[in-house]
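> Quick one: this structure, given as structure tokens, is what I'll be asking you about.
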Amino acid sequence: MSVSTVITAAGKNSRMRKDQISRGIELINKLILPFNTKTVIETTIDNALSSNTDECIVVLGHYANEIKEVIFDNYKNDVKFIENNPVDVGLSTSLFNGLSNIDSELALCITADQPTVTTQTFNKLIETSLNSQDPYKTISVLRRRKTGLLDTAEGLGMPFVAPRKNLMKYLENEDDNLNPILRKIFDDGYTFYGIKEKNKKELLNINHYDDYLNLLD
């Protein structure tokens, strides 16, 4: 089965901007803050490109020009960049737009502010779905609470691997966060597997400036 990666990088960056303003520091989009030897988004892209997937799509929206200015030349040969139009849409719409630009059977869905999620964990998500009894009715997700066969989708979000076409049916005409949609998918009888993190930092997203500082430690 073919697998593609969709990375959403289209958010408003509002919580980070608010923190930077309150601290009196330079306003820099969280995705282009320095991380290791590159930026947050570049580290996420690199980890995804090293995984067992066939292609990588990055969905841009708010601050698209600012982000592309930093990363486009480095990735134009390896990544397909698309932009939301209109820009002011929810995460579910960004993901739908990304999925609409790939042809694979399965999709590895990632947010760009998850630079600590390793290639090994991405591959474990992919392997779990591919080896499941029915990959078209299975969601493999980085666990938030339990691992293994899950009895709820409460609190879940990206990264996860899902059947592309089936996921698109749930995302279409929605403009929301992903968890309510994942809960609906669960209620419709899909199998959810929770994959254990390689380390605790994999469970952290960068929403606030303190989140960023914690990941640098």
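The numbers here are math on the coordinates, done by the rules we state, and not lab data. Keep in mind that this is a model prediction, so the values were computed, not measured. All Cβ positions, glycine included, derive from the backbone under ideal geometry; neighbour counts span all protein chains shown.
> Can you tell me the length gained on complete extension of the stretch Tyr136 to Val87, counting 0.36 nm per residue apart and subtracting the Cα distance? Kindly include the intermediate steps, with their values, before the conclusion.
On the way: separation 49, 0.36 × 49 = 17.64 nm, distance 3.05 nm.
The span from Tyr136 to Val87 would gain 14.6 nm if fully extended.
> Please give the helix 119-130 orientation as an angle from the longest Cα principal axis of the chain, in degrees from 0 to 90, rounded to the nearest 10.
Here the helix axis deviates by roughly 20 degrees.
> Apply the Karplus parameterisation 6.51 cos²θ - 1.76 cosθ + 1.60, with θ equal to phi minus 60°, to every residue of the stretch 172-179 and state each ³J(HN,Hα) to the nearest whole Hz, in sequence, with x for glycine and proline.
Values, residue by residue: 4, 6, 9, 9, 8, 6, 7, 4 Hz.
> Once Lys and Arg get +1 and Asp and Glu get -1 on their Cβ, which of Leu203, Phe35, Phe122 lies farthest toward the positive end of the dipole of the chain?
Farthest towards the positive end: Leu203.
> Further, regarding this structure: For the stretch 146-182, which GluC sites (Glu not before Pro) are both in a DSSP coil and crowded by at most 14 other Cβ atoms within 10 Å?
Working: sites: Glu154, Glu172, Glu174; in loops: Glu154, Glu172, Glu174.
Those satisfying the criteria are Glu154, Glu172.
> Around Ser140, which amide H atoms from residues at least 5 apart in sequence, or from another chain, sit under 5 Å from its own amide H, with H modelled in the peptide plane?
Close amide H contacts, sequence-distant or interchain: Val161, Tyr193.
> With a point put 7 Å past each Cα toward its Cβ, work out how far Lys200 is from Asp73 in nm, to one decimal.
Spacing of the two 7 Å Cα→Cβ label points: 4.0 nm.
> Further, regarding this structure: Can you tell me the relative contact order of the chain? Whole percent, Cα pairs under 8 Å, sequence separation 6 or more. Before the final figure, lay out the partial values.
Working: 407 pairs, mean separation 55.5, N = 217.
Relative contact order of the chain: 26 percent.
> Note the angle between two axes, namely the Cα long axis of helix 40-49 and the longest principal axis of the Cα atoms of the chain, as a number of degrees from 0 to 90, rounded to the nearest 10.
The helix 40-49 is inclined about 30 degrees to the chain.
> Could you list the GluC sites (Glu not before Pro) in the stretch 1-67 that lie in coil according to DSSP, counting only those with at most 14 other Cβ atoms within 10 Å of their Cβ? Show your work: numbers first, answer last.
Numbers: sites: Glu26, Glu42, Glu55, Glu66; in loops: Glu26.
Here the GluC sites (Glu not before Pro) that fit, given the DSSP loop and packing criteria, are Glu26.
> Taking H placed 1.01 Å from N in the peptide plane, check which residues at least 5 places from Glu55 or on another chain put their amide H under 5 Å from its amide H.
Result for Glu55 returns Thr5.
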